[in-house]
Amino acid sequence: MKACILSPGQSSPAGGRHLPAVSAAVLATLLFVLPPLRAQDKTPDPSQPDLAQQVQALSETLSRTQNQLEQSQRELNELRNQLSALKLQLAAHPPSSSTTPPATAEATPATPSPSSSSTAAAIDDLRERQALQESQIATHEQSKVESDSKYPVKVTGLLLFNGFVNTRAVNLAATPTVATGGSGSTGATIRQTILGFDARGPHLFGAQSFADLRVDFAGTTSSSQTSGFAGPYSNSYALLRLRTAHAILDWRHTQAFFSLDRPLISPDTPASLAAVAEPALAWSGNLWTWNPQVGVTHDFDLSGQTGLRAQAALIDVADAPFTPLLNTSTVASTAEQSRWPGVESRIALFRDNSNSTETDNHFGIGGYVSPHRLTPGHGYDAWAASLDANLHLAPHLEWTASAYRGLALGGLGGGVYKDIAYYADPDGHYYWRALDDVGGWTQLKERLSSRLEFNEAFGTDQIFAGELRPYFATGATYQNLAAARTWTGNFIYRPSAYLLFSLEYRRLQSVPVNGAAFDANVFGLAAGYKF
């Protein structure tokens, strides 16, 4: 039997206090009916049932009706008790109006009362969800930056302090890459601090659009190119320096992009907080320089979790820092004077994941070629062939390596700072040749936990000494360098998602084409705050 839940103040038609009235009405009916029945007894009719039987039937009906009314009353009392208990619980733990479920007016069968513990647990769960939503909304509001496009822009960065001790003379005290001999130096800097912007734009041709920009404060303070080479955008002679930039159209398996970044044939970089203005192992086997590029990437799904990545791009390669300007009538680079862009491509096997990135195991091969012109009728074609790999050897052990062989790779960060060797005779005539180059680097990373990692790495870049020796020049440090090598080790500790600390040791070795090698030990301390 179903019982209806009544609104407050409405009385039940079958309540216990109404039972006497119902009984009186039934008895009055019997008294009205019994006299005619008694009169009929005087002239009995065989076809009519016995009066005693009728009374017995009516009594049984009255009894059943009374039992049903009492059962309904008990059910109503039980529902009232449940409602009172729920009201007390809601009064003790009032839910937020945004999370209170709407009341239902459907008739439900009588059920046992739920336990107080389960109700309290449900209320606590609602409170936790509400707090989480409020926190996420607050974070979203804080990360929103107003832009003319009205699309979301996020400001990111790394405020980085670096202290350093150099036991011998180096080319740049705070960010050394070459040992030069002489006395050492000690100091500190925050110019390796990075500021970034990430933006998400509209959908275009069925693709999502993204963009990002990174700058630092390690720009040159004079016209000398010895103060940090970063491609053609480093000659503003100001502290603020453009590092990298990307604009991407991203489909499910394809990306179209233009960027200012490291070359496609060198996708990985060693881990370091002491070498940020110029990445770790720069000019010692790490092809790192940031050059303008425009290209496309496409991922092919293979069997299992394996994917194949194909990349191709056009690249405008800058001159190496100490390439002579033989054609002084133009300010264009030797690559731009050729009127042909450079071309680079790469194919890689990688572990597939939801983001189609190469943060897991991958192995790639790449190629690069770029025509250069020094003077009318005189030029050369820079080229490179490369290999790169990243392998997870164990749950906490990762090995990364990159190697290349090429010609005139100073514009990519190889060739020990140069593309060509040259000299000028007393009459002002230049003699030169493009230099063959070979190099690479390797790193072993040990992650002891999500907060602590150790990195050990070695890199080398070497041109062919036999090609360089005829062009030896007295006092020309970079022109005479035939090889540069770097050994490094560091640990990086992250006590939280926003704080980073590191200690690093580097040993630099610079080998001139004639004479003894120069060595320097570099000790670095880094402390950073990410935002």
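The values are calculated or read from the model by the stated rules, or taken from the named source; none is laboratory data. Computed from a prediction, not measured in an experiment: that's the story for all the values here. With ideal geometry, Cβ positions are generated from the backbone for all residues, glycine too; neighbour counts draw on all protein chains shown. What goes into the accessible areas is simple: the full protein's heavy atoms, side chains included, and nothing from ligands, DNA or RNA. Shrake-Rupley method; radii C 1.70, N 1.55, O 1.52, S 1.80 Å.
Regarding HIS396, is this residue open to solvent by 20 Å² or more (accessible area, probe 1.4 Å), over 18 Å from GLN305 (Cβ atoms), at pLDDT 85 or above and out of contact with any strand residue (DSSP E or B) (no Cβ under 7 Å at 6 or more places or on another chain)?
Taking the combined requirement at face value, the residue does not satisfy it.
Here are GLY307, GLY295: which of them is open to solvent by less than 50 Å² (accessible area, probe 1.4 Å) and at pLDDT 95 or above?
Just one listed residue meets the conditions, GLY295.
Tell me which residues, restricted to segment 251-280, are of a type in the set (Ser, Thr, Tyr) and either crowded, with 21+ Cβ neighbours inside 10 Å or closer than 13 Å to GLY295 by Cα (or both).
Result: THR254, SER259, SER266, SER272.
Does GLY410 satisfy the condition of being closer than 25 Å to ASP268 by Cα, small (Gly, Ala, Ser) and open to solvent by less than 10 Å² (accessible area, probe 1.4 Å)?
Here the answer is yes, as GLY410 does meet what is asked.
Being open to solvent by less than 10 Å² (accessible area, probe 1.4 Å) and not in a loop (DSSP other than H, G, I, E, B), is that true of even one residue in segment 472-479?
no
Go through the residues of segment 381-398 one by one and say whether even a single one is in a helix (DSSP H, G or I) and more than 19 Å from ILE315 (Cα to Cα).
Checked segment 381-398: no residue is in a helix (DSSP H, G or I) and more than 19 Å from ILE315 (Cα to Cα).
Output yes when any residue across segment 197-209 is crowded, with 18+ Cβ neighbours inside 10 Å, farther than 30 Å from ALA476 by Cβ and touching a strand residue (DSSP E or B) at 6+ places or on another chain (Cβ under 6 Å), and no when none is.
No; the residues of segment 197-209 include none that is crowded, with 18+ Cβ neighbours inside 10 Å, farther than 30 Å from ALA476 by Cβ and touching a strand residue (DSSP E or B) at 6+ places or on another chain (Cβ under 6 Å).
Pairs only if they're at least six apart or on different chains, beta carbon under 8 angstrom, first in segment 56-84 and more than 22 Å from THR119 (Cβ to Cβ) and open to solvent by 60 Å² or more (accessible area, probe 1.4 Å), second modelled with pLDDT under 75 and not aliphatic (A, V, I, L, M); list them, first residue then second.
Going by the 8 Å Cβ cut-off, the qualifying pairs are GLN66/SER23; GLU70/GLY16.
Which count do you get for residues in segment 480-520 that are open to solvent by 70 Å² or more (accessible area, probe 1.4 Å), farther than 19 Å from ASP461 by Cα and outside any strand (DSSP E or B)?
The number of residues fulfilling the criteria is 3.
Out of ALA218, ALA245, I need the residue that is modelled with pLDDT of 95 or more and buried (at least 17 other Cβ atoms within 10 Å of the Cβ). Which one?
Every option except ALA245 fails the conditions.
Identify the single condition in (1) surrounded by fewer than 16 Cβ atoms within 10 Å (Cβ to Cβ); (2) modelled with pLDDT of 95 or more that ILE194 does not satisfy, given that it satisfies every other one.
It fails just one condition, (1).
Is it true that VAL343 is at pLDDT 95 or above and open to solvent by less than 20 Å² (accessible area, probe 1.4 Å)?
no
Restricting segment 164-185 to residues that are over 36 Å from the mean Cα position of the chain (by Cα) and without any contact (Cβ under 8 Å) to a residue 60 or more places away in the chain, which is surrounded by the most Cβ atoms within 10 Å (Cβ to Cβ)?
Ranking the candidates gives SER185 first.
Inside segment 157-177, can you point out the residues that are assigned to a strand (DSSP E or B) and either at pLDDT below 95 or in contact with a Phe, Trp or Tyr (Cβ under 6 Å, 6 or more places away or on another chain) (or both)?
GLY157, LEU159, VAL165
Out of curiosity, is LEU302 in contact with a helix residue (DSSP H, G or I) (Cβ under 9 Å, 6 or more places away or on another chain) and surrounded by fewer than 18 Cβ atoms within 10 Å (Cβ to Cβ)?
Answer is no for this residue.
Take the residues in segment 314-340 that are modelled with pLDDT of 95 or more and of a type in the set (A, V, I, L, M); name whichever of them is farthest from GLY411 (Cα to Cα).
LEU314
Pairs, please: C-beta under 6 Å, at least 6 apart or cross-chain, first residue closer than 17 Å to LEU349 by Cβ and in segment 378-405, second of a type in the set (Ser, Thr, Tyr) and assigned to a strand (DSSP E or B)?
Every condition considered, the pairs that remain are SER386/TYR404; ASP388/SER402; ASN390/THR400; ALA401/THR442.
So which residues in segment 414-466 are in a strand (DSSP E or B), basic (Lys, Arg) and either open to solvent by 50 Å² or more (accessible area, probe 1.4 Å) or free of Cβ contacts under 8 Å to residues at least 24 places away in the same chain (or both)?
Passing the criteria: ARG433, ARG447.
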